[in-house]
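As structure tokens, the structure follows; a few thoughts come after it.
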Amino acid sequence: MLRRYTSLYWFFLIQRFKILMEYRLNFFIGLTSTIFLQAAGLLGIWVIVSQVPDLNGWTLDQVLLIYGLLTLAKSINHMFADNLWVIGWGYVRPGGFDRFLVRPINPLFHLLADRFCHDGLGNFLVGAALVIVSSINLHLVWTPLNLLYLIVVVISGGVIFIALNLITATSAFWIIESIPVTQIVFNTHEFARFPLTIYPKAIQLFLTILIPYGFASYYPATQILGRDPGLLAWLPPFVALVLAVFSYRVWLFGLKHYGGTGS
Amino acid sequence: MNRLRHLFNVYGAVLAAVPKFYTAYRAWVWMEFVVQILAMVVLYFFWQAVYASGGALGGLTFQQTINYVMLAQMLMPLVENRLIFNFGWMLREGQIAIDLLRPMDFQARLYVDAVGNLFLNLLVKAPLLIMAVVFFQVQLPRDVTTWLVFIVALALGHAVMFFFDWIFSCLAFYSTETWGLSVVRVAVVTFFSGAIVPLQMMPHWLQTTANLLPFAQSVYVPVSFLSGVTPSSAAAQAWLIQLAWLIGLGVISRLVFRRSLRKITVQGG
């Protein structure tokens, strides 16, 4: 089962890259575009935070580590689950979604595998660069155990992003145009670019319990920086798992209600 | 007189078509509203944390900075336009041939379109402005003069940006990569217009770069009046500089466009 899907994904990926390589310039532009878009915001943060001693007790490099972890998690969502954004107008409205339902593979898998989004590679590079540069400046020691922790929390963060987008994208089965719903929930991740301690308690709780983007950046960063957030440091994979199961249930529920647009 | 009425009728019709677009995309307008409120919450607490370590950054107090960043954040989308996509689309579909044949000035028509968008955007942003005052401690000027100074500066800045984008969009005549080009434009304009950080807070070399580019005229200049960063007594000088940019870019935009027209290649169609 797992092997079949892995090899299937591989086939989809090769096909996708064949398309992408037809338009090499487009591929390059897509990849660099996300880097450019991040640059303006990052330059702003650098300009401001480098002028003050610290941001609520966090130095510039520590803030950039938080930002980097969030960007890495976001890039996983961007690369592997970008189709969740366009399910409404790209698949449900034109009727293309029916195609997934008659095939002998999981429709959600088919939807996600249908388009690997190379723009996300740019985000991945930005996130990786931020983590590397900040950890050099902070003299962080990457033991194998730390590195494993980093990989686990980045993947968990990616799953949190994807699961939240899956829940909101499911609304396409009722309202078709799901992008506004997805955009609103997705944008709350901007809170998690900074140490959560700069926000009032209510917002901190919101980002921990309700829309748990905090587990994609702030809590792992506290652990990596040796500030010991306690149990919260070990929660990201569990939060990701619970959210993934829940979002898949929501998706199945939506799928039951799907009746096609009749087009 | 008759000619004037005719012009008014023609461009009035162009202007009236703009709100129709917005009512067709109501969910998107709501989405933008919520997304901007979220961004304002983040901004507020970020800047509070920045100022918590004391002092005045770039000579600005916390109050001035909050006024500035909130207003800049709201006004930034106003200077964005889809001119390059319009050009690209018109070229791809061959629509440009029809548009050039119309008995009105092509550039003037698109400018009126852009002004219509600016007005509508301002109306859409009004509730956001009220929220900024009520929830985020933004203080707006109470005297009419400052508001007038701001409106004139905004209109001039908007036109400066329009002419810059006109020149920039002419690249669509030479390259089909309009999307990639526009991404670079957004990144550069967002930072150097002062939409994220007021110019005073930038290090010297970034400040110099920002002053050599036209973008600060469209966000930094009007917003700094409205937020109380620049006193309205400095208005005359600021307007003159804006006007100089406007005339310079305006003339160049006409020249570049005329030259680009010779390059025209409509793809298939």
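We did not get these values from a lab; they are worked out from the coordinates using the rules stated. Computed from a predicted structure; not experimentally measured. No Cβ is skipped: glycine too gets one built from the backbone with ideal geometry, and neighbour counts run over all protein chains shown.
Shielding of peptide B:191-203 by partners, expressed as the average count of other chain Cβ atoms within 10 Å per residue Cβ, is 3. Kirkwood hydrodynamic radius computed over region A:108-263 comes to 17.2 Å, based on all pairs of distinct alpha carbons.
Panel order for B:V29, A:V153, by other beta carbons found within 10 Å of each beta carbon, from fewest to most: B:V29, A:V153. Going from the residue with the fewest nearby Cβ atoms within 10 Å to the one with the most, B:M202, B:M40 rank B:M40, B:M202.
222 nm [θ] for chain A, helices only, -39500 (n - 2.57) per DSSP H run of 4+, per residue, to 500? Calculated from helices alone, the mean residue ellipticity at 222 nm is -21500 deg cm²/dmol.
Inside 10 Å of the C-beta atoms of B:41-47, what's the mean count of C-beta atoms belonging to other chains?
Average neighbour count from other chains, rounded to a whole number: 6.
The mean number of Cβ atoms from other chains found within 10 Å of a Cβ in peptide B:26-33 is 3, as a whole number.
The long axis of helix A:60-80 is offset from the longest Cα principal axis of chain A by roughly 10 degrees.
Per residue, the Cα convex hull of region B:184-243 amounts to 82 Å³. Using the Cα coordinates of region B:2-261, the gyration tensor eigenvalues translate into equivalent-ellipsoid semi-axes of 33, 21, 19 Å, sorted from longest to shortest. Computed from label points 7 Å out along Cα-Cβ, the spacing between A:W234 and A:L255 is 3.4 nm. Can you tell me the orientation of helix B:144-169 relative to chain B, as the angle in degrees between its alpha-carbon axis and the longest Cα principal axis, to the nearest 10? Here the helix axis deviates by roughly 40 degrees. Gain on full extension, evaluated as 0.36 nm per residue between A:W142 and A:I155 minus their Cα-Cα distance, stands at 2.9 nm. Calculated translational diffusion coefficient of region A:2-257 (25 °C, 0.890 mPa s; Stokes-Einstein with Kirkwood radius over alpha-carbon pairs) equals 127 µm²/s.
Taking the longest Cα principal axis of chain A as reference, the axis of helix A:2-22 is set at about 90 degrees. Estimated from helices alone, the mean residue ellipticity of chain B at 222 nm is -24500 deg cm²/dmol (sum of -39500 (n - 2.57) over DSSP H runs with n ≥ 4, per residue). Relative to one another, the C-alpha centroids of region B:213-231 and region A:120-172 are positioned 37 Å apart.
Ordered by the number of other Cβ atoms lying within 10 Å of each residue's own Cβ, fewest first, A:I211, A:I48 fall into the sequence A:I211, A:I48. Just so you know, the Cα atoms of the protein assembly as shown work out to an Rg and Dmax of 24.8, 81 Å.
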